[in-house]
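Colleague: If you scroll down you'll find the structure; I have some questions about it.
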Amino acid sequence: GKRINSAVNGALSNSQDDYATTVDHMLKAIVTALLESDVNIRLVSKLRNNLKSKLIDSKSDGRSVSNGQTKKVIQKAVFDELCDLVDCKVDEPFQPKKKKCNVIMFVGLQGSGKTTSCTKLAVYYSRRGYKVGLICADTFRAGAFDQLKQNAIKAHIPFYGSYTETNPVKVAAEGVAKFKKEKFEIIIVDTSGRHQQEQALFQEMVEISNVVKPNQTIMVLDASIGQAAEQQSKAFKESADFGAIILTKMDGHAKGGGAISAVAATNTPIIFIGTGEHMHDLEKFSPKSFVSKLLGIGDIESLLEQFQTVSNKEDTKATMENLQQGKFTLLDFKKQMQTIMKMGPLSNIAQMIPGMGNMMSQVGEEETSKKMKKMIYVLDSMTKEELESDGRLFIDQPSRMVRVAAGSGTSVFEVEMILMQQQMMARMAQSTKAAQQSGNMPGMPG
Ligand code: GDP
Ligand code: MG
């Protein structure tokens, strides 16, 4: 990711040449960097061609373009192209129906994170009011049932499995029959995976699929497998026509570039990403955050991207202008909060705001949205002068905090927390501006 930005900067700094040469240099650098992030070579060259025509076209108006602008144009173009690649839209995405029985089957290689992701998904739906059951149809690996059982107990999810039955097809069929009878709304079937893509595994998968008749099949893909993702997902698609992908281990070093080819090769969307071993470490997939991470674009930039798409144009303009000057007022903060509340899924967005990511991982989404509403109350109780300020007048006159706390039905501590967050953002805006002036991306070594 960072390499991509360094590449872009590098290509720019030594070019007094004409636009086309600059574009060419930068594209070469980007291609190398994308390949190093495990993006498939055919996709990279397709991307390169698309970009080239786009960028040369955009220049045909003959206006002179500064290096800074060129860089922005190219970054935006790369960003958009990658988003298009990974944002796979299906006509009728699977939606579990309440009061119906929805069977979801998991497939994927051993160690990819199936059992973990099954529990995460069960927790996800259970919190949304569905009656969810888990079935362990992995009779191949010793300890598989114990693992699922422990996860399920911890998450308070009913489960089914067997220590003695060796036929996974039978276990799956029995489990589904039992949960169906008990009017479960979502039945999640965990299957076995093996080290290699053995024929026996695929055979077993087909047989299980035939008896449980899944409404949705999900393939679990480990983000760290790199280029192998394409071939692996193709092989699975042939035997188990999965309709969605969960990309796991995105909390590690892997940028997940390989997943782009899995999406492209199977024309199947990624629906969630796994971001840790804990049962709550599941996030809705967002193409923009994914690509931001892949490109190593500063969090604040991807936040702005999202921000722009949902917020009122005039509001965004003012905030953008402030940010460009390295400023971030309480009013900007308030607008941002309001926009974020409109944006959802909260967890993706929250990760990009300093201090919010932590807040999210400790509490649930509903809890966070309550907190954010409270923050808006606090901001509503501020005067225009206070909102348009950098917040420092609160530090000079703490009595203002007492007034705002009383007015919003919160505590001084809560007001202080909001000021702290806004101050963090303001510092970030400042350093982003400083970095831009010195020609570096935020967070990049000079
Ligand atoms: P399975 O063989 O496909 O069922 O894989 P498991 O669910 O047993 O997971 C294999 C290992 O990967 C376990 O140690 C999990 O804790 C770990 N794991 C699964 N998903 C994630 C994730 O999103 N992040 C991290 N860091 N570890 C994960
Ligand atoms: Mg397993």
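Quick note: the coordinates plus some simple rules give every number you see, no bench work behind them. Only a predicted model underlies this, so the values are computations on that prediction, with no experimental measurement involved. We place every Cβ from the backbone using ideal geometry, glycine too, and count neighbours over all the protein chains shown.
Colleague: How would you order 173-179, 94-100 from highest to lowest mean count of nearby Cβ atoms within 10 Å?
Modeller: Values: 173-179: 20.0, 94-100: 12.1.
Packing order, densest peptide first, comes out as 173-179, 94-100.
Colleague: Of Lys335/Lys433; Lys97/Lys120; Lys46/Lys89; Lys317/Lys384; Lys180/Lys284; Lys180/Lys234, which sit over 22 Å apart, Cα to Cα?
Modeller: Exceeds cut-off: Lys180/Lys284; Lys180/Lys234.
Colleague: Taking every DSSP beta bridge with both residues inside the stretch 102-291, roughly what % is antiparallel (nearest 5)?
Modeller: 10 percent
Colleague: Take each of the peptides 247-257, 104-114, average the number of other beta-carbon atoms within 10 Å over its residues, and list them starting from the highest.
Modeller: So the peptides 247-257, 104-114, ranked by packing, come out 104-114, 247-257.
Colleague: Using a cut-off of 13 Å between beta-carbons, work out the net charge of the residues near Ala177 (Lys and Arg +1, Asp and Glu -1, Ala177 not included).
Modeller: Numbers: positive: Lys170, Lys178, Lys180, Lys181, Lys183, Lys213; negative: Glu174, Glu182.
Spelling it out: positives minus negatives among the neighbours equals +4.
Colleague: When the dipole is taken about the Cα centre of the stretch 102-291, and only Lys, Arg (+1) and Asp, Glu (-1) are charged at their Cβ, what size is it in debye, to the nearest 20?
Modeller: For this selection, approximately 560 debye.
Colleague: Residues with amide H under 5 Å of Ala244's amide H, sequence separation 5 or more or different chain, H placed in the peptide plane at 1.01 Å from N; which?
Modeller: Thr217, Met219
Colleague: Name the long-range amide H neighbours of Phe159: under 5 Å, sequence gap of 5 or more, or other chain; modelled H, no Pro or chain starts.
Modeller: Distant-sequence amide H within range of Phe159: Leu134.
Colleague: Non-local amide H neighbours of Ser112 (under 5 Å, H modeled in plane, Pro and chain starts lacking H): which ones?
Modeller: Amide H to amide H, under 5 Å and 5 or more residues apart or across chains, Ser112 pairs with nothing.
Colleague: Among 381-394, 137-150, how do they line up by average Cβ neighbours within 10 Å per residue, starting with the highest?
Modeller: 137-150, 381-394
Colleague: Per residue of the stretch 395-406, what does 6.51 cos²θ - 1.76 cosθ + 1.60 with θ = phi - 60° give for ³J(HN,Hα)? Whole Hz please, x for Gly and Pro, Karplus curve as stated.
Modeller: 6, 6, 10, x, 4, 4, 5, 4, 4, 5, 4, 5
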